[in-house]
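Here the structure is laid out as structure tokens; the discussion comes afterwards.
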């Protein structure tokens, strides 16, 4: 397990002055990066071997949001490896040690030269020690889209959307999708299914599917094929 501590900054808040969903994702991504770097299997290690971990799925459950200047602890650990896939839990705790946010994630290891999935190396298997799965209600990886959605105006991928792998960072899809949330929609759970990578200058056509307590956004290419599908579920009152 790897943990680090932080204090909620003003720049990380949403309009309701609580930690934004995008900032939660950023904290969790940073935590997994810190973990890999500490173990010696981080970005440089992967780059030397033409490998990259690609996000396939997020499920983030929010019981309570941290607010400005709250002291928080962010933690992560892997709980399973299966072929080329890695499964990793995340959590966020308040200053009393209560876990207020929990998450599940699924990653795929890709060989960039071969253009196909790859199994973790022996060093990676030794470095990442699986721990017991975090208690939470695990939902399916696939996000279904029922009925006909509302197509929204398209936009083009810019440099600000890209990460060091030169494709749209998985957190950016969540930034894009949350633009279509109605006023006053407090997120209790977010799921994101990543289907293919969007690159610089690609056109993204959002399609919005609304239900009573759920909003789904399919971020598609010009042919209607999703790059990512993001689901927001309202927080229970």
Margin query: I'd like the residue in segment 158-173 that is touching a strand residue (DSSP E or B) at 6+ places or on another chain (Cβ under 6 Å) and buried (at least 19 other Cβ atoms within 10 Å of the Cβ) and, out of all such residues, is nearest to residue 47 (Cα to Cα).
Written below: 170
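The rows are residues; the columns are (1) modelled with pLDDT under 95; (2) in the same structural domain as residue 49 (by TED's automatic domain parsing); (3) more than 16 Å from residue 33 (Cα to Cα).
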site: 93; (1), (2), (3): no, yes, yes
site: 96; (1), (2), (3): no, yes, yes
site: 100; (1), (2), (3): no, yes, yes
site: 109; (1), (2), (3): no, yes, no
site: 117; (1), (2), (3): yes, yes, yes
site: 141; (1), (2), (3): yes, no, yes
site: 156; (1), (2), (3): yes, no, yes
site: 169; (1), (2), (3): yes, no, no
site: 173; (1), (2), (3): yes, no, yes
Check: Out of all the residues in segment 1-41, which are surrounded by fewer than 16 Cβ atoms within 10 Å (Cβ to Cβ) and part of a loop (DSSP other than H, G, I, E, B)?
Finding: 1, 9, 14, 15, 16, 17, 40
Check: Residue check: is residue 197 modelled with pLDDT under 90 and surrounded by 13 or more Cβ atoms within 10 Å (Cβ to Cβ)?
Finding: yes
Next item on the list: Find the residue count for segment 79-131, including only residues that are in contact (Cβ under 8 Å) with a residue 40 or more places away in the chain, in a loop (DSSP other than H, G, I, E, B) and crowded, with 18+ Cβ neighbours inside 10 Å.
Entry: 2
Checklist line | Verdict on residue 41 being in contact with a helix residue (DSSP H, G or I) (Cβ under 8 Å, 6 or more places away or on another chain), closer than 22 Å to residue 174 by Cβ and in the same structural domain as residue 7 (by TED's automatic domain parsing) | finding: no
Margin query: Condition (residue is part of a helix (DSSP H, G or I) and either touching a helix residue (DSSP H, G or I) at 6+ places or on another chain (Cβ under 9 Å) or surrounded by 13 or more Cβ atoms within 10 Å (Cβ to Cβ) (or both)) applied to segment 47-61: is it met by at least one residue?
Written below: yes
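The values are calculated or read from the model by the stated rules, or taken from the named source; none is laboratory data. Only a predicted model underlies this, so the values are computations on that prediction, with no experimental measurement involved. Quick reminder, even Gly has a Cβ in these numbers, built from the backbone with ideal geometry, and neighbours come from all protein chains shown.
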